[in-house]
Amino acid sequence: MELVQFGCEDWLNVWEKSATIDIAQSTIDSLSLEEVLAFEEDRGEAFMSQMMKEKFSYGWIEGSPAFKSEVAKLYKRVSEDNILSTNGATGANFLTILGLIGQGDHVIAQYPSYQQLYDWPKTLGAQVDYWKIKEENHWLPQIEDLRRLVKPNTKLICLNNAAQPTGAIMSPDFLAEVVEIARSVDAYILCDEVYLPLDEETPYAPIADLYEKGISTNSISKTYSVPGIRVGWVATQDRDLCNEFRKIRDYTLICTGVFDDALASLVLKHKDKVLARARDIVKGNLSILKEWVENEPLVSMVYPNAVSVSFVKFEQLDPMKTEDFAIQLLREKGVLIIPGNRFDLPGYARIGYCTDKKTLRQGLQLLSEFLREYKG
């Protein structure tokens with residue numbers, strides 16, 4: 001088994017601690033413990049009192065009843081028994097693909113998207129065909145291309161909705177066509193759904209509600225603003241498949257931890273307040289981002305639908321120098337972005353615009369300056 005380097009994560013591992021102005025991250029401005037506890041009427045006094053007395057045993061192995069109950073509220077057709085906690089959505093994707101895919105299986109993956117969704121199946125010996133996104137199609141792939149790619153032996157279709165790094169969203173109507181194609185060959189659909197759209201006008205549905213062989217993965221890391229405890233989940237209508245995932249968890253995870261489970265449950269209990277906060281941040285910061293793009297002739301963008309990632313195009317930069325540009329930007333201006341070549345799309349960059357407003361404005365201003373100063 002030989003894994004290729006995870007482009008986005010490797011970039012952040014190397015460079016993020018060097019940044020003074022970080023506009024690369026895709027989490028909506030992370031919450032502190034104090035802020036989470038403030039959602040409670042007693043400002044978390046009872047929660048912390050219970051935690052002080054709690055024995056730090058393994059706890060509930062696959063997620064506490066409170067956690068499963070809160071997650072189940074996010075779906076219409078997934079029972080609590082078919083929800084398993086994981087170490088983030090990355091852990092959920094990992095065990096899903098490991099549970100389904102082996103040597104010689106055929107996989108179709110939205111490309112580019114979250115790299116794990118196509119390179120992990122390859123590592124396990126699958127034949128992976130790319131369902132390519134298209135900028136002229138608002139960064140969505142085309143259904144006709146999927147029809148051409150699907151085979152009688154296709155076992156899994158991997159999606160990212162909303163998508164990394166572009167923020168593009170597949171509507172329920174679009175997904176219904178994907179489901180029709182998958183059902184025709186009895187394929188599963190895995191959809192990483194960590195980037196929930198926050199504008200109420202955007203139609204959206206999780207794949208686990210739309211398809212009996214759909215698998216939704218998610219976490220509280222991105223939209224819910226609490227990446228630090230690394231709690232995610234996998235949800236599916238398929239009981240037998242969920243039992244297969246249970247077996248893999250025993251080899252890879254065991255449990256997410258007593259405190260992490262309790263805090264994740266608390267965040268989801270107050271999801272309306274958490275998402276209202278996130279919605280305000282996204283709405284305000286997206287306006288700042290759009291104003292910058294519209295007044296910066298050296299860039300362009302297909303705007304995201306109120307999710308926390310965006311993908312900017314550098315109009316005059318040599319695509320082959322995208323990474324050098326990003327490194328020099330960091331060294332000379334202290335600004336961190338993620339170069340598009342780390343998503344196999346040179347000439348672009350991911351901007352995680354949902355930091356605090358001051359950081360965002362400073363980062364965009366310095367990025368504009370450097371676009372004119374760069375001599376690469």
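The values are calculated or read from the model by the stated rules, or taken from the named source; none is laboratory data. These numbers were taken from a predicted model, which means no experiment stands behind them. Heads up, the Cβs are rebuilt from the backbone with ideal geometry, glycines too, and the neighbour counts pull from every protein chain shown. With ligands, DNA and RNA removed, areas are computed over all heavy atoms of the protein, side chains included. Shrake-Rupley method; radii C 1.70, N 1.55, O 1.52, S 1.80 Å.
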When you scan region 81-102, do you find a residue that is without any contact (Cβ under 8 Å) to a residue 24 or more places away in the chain and not aromatic (Phe, Trp, Tyr), even just one? no
Inside region 51-68, can you point out the residues that are open to solvent by less than 100 Å² (accessible area, probe 1.4 Å) and either without any contact (Cβ under 8 Å) to a residue 40 or more places away in the chain or touching a strand residue (DSSP E or B) at 6+ places or on another chain (Cβ under 7 Å) (or both)? GLU62, GLY63, PRO65, PHE67, LYS68
Give just the number: which of (1) in contact (Cβ under 8 Å) with a residue 40 or more places away in the chain; (2) open to solvent by 10 Å² or more (accessible area, probe 1.4 Å) does ILE220 not satisfy? (2)
Within region 33-50, track down each residue that is open to solvent by 50 Å² or more (accessible area, probe 1.4 Å) and outside any helix (DSSP H, G or I). GLU41, ASP42, ARG43
Sort through ASN341, ASN285, ASN305 and tell me the only one that's closer than 23 Å to SER225 by Cα, modelled with pLDDT of 95 or more and surrounded by 15 or more Cβ atoms within 10 Å (Cβ to Cβ). ASN285
Are any of the residues in region 231-254 within 30 Å of LYS53 (Cα to Cα), surrounded by fewer than 19 Cβ atoms within 10 Å (Cβ to Cβ) and among the aliphatic types (A, V, I, L, M)? yes
Considering only region 1-31, state which residues are of a type in the set (A, V, I, L, M), more than 17 Å from the chain's Cα centre (by Cα) and part of a helix (DSSP H, G or I). VAL14
Residue among GLY334, GLY363 that is touching a residue at least 24 places away in the same chain (Cβ under 8 Å), small (Gly, Ala, Ser) and surrounded by fewer than 23 Cβ atoms within 10 Å (Cβ to Cβ): GLY334
Looking at LEU190, LEU175, LEU198 in this structure, which one is without any contact (Cβ under 8 Å) to a residue 40 or more places away in the chain and either basic (Lys, Arg) or within 26 Å of SER310 (Cβ to Cβ) (or both)? LEU175
Members of region 278-302 that are in contact (Cβ under 8 Å) with a residue 40 or more places away in the chain and either touching a His at 6+ places or on another chain (Cβ under 9 Å) or of a type in the set (A, V, I, L, M) (or both): ALA278, ILE281, VAL282, LEU286, ILE288, LEU289, LEU298, VAL299, VAL302
Just for helices (runs of 4 or more DSSP H) wholly inside region 61-147: which have at least 1 residues that are within 28 Å of VAL4 (Cα to Cα)? 88-100, 116-123
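Okay, residues lined up against (1) of a type outside the set (Ser, Thr, Tyr); (2) out of contact with any helix residue (DSSP H, G or I) (no Cβ under 8 Å at 6 or more places or on another chain):
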residue	(1), (2)
GLU136	yes, yes
ILE143	yes, no
LEU149	yes, yes
PRO152	yes, yes
ASP192	yes, no
GLU201	yes, yes
SER216	no, no
VAL231	yes, no
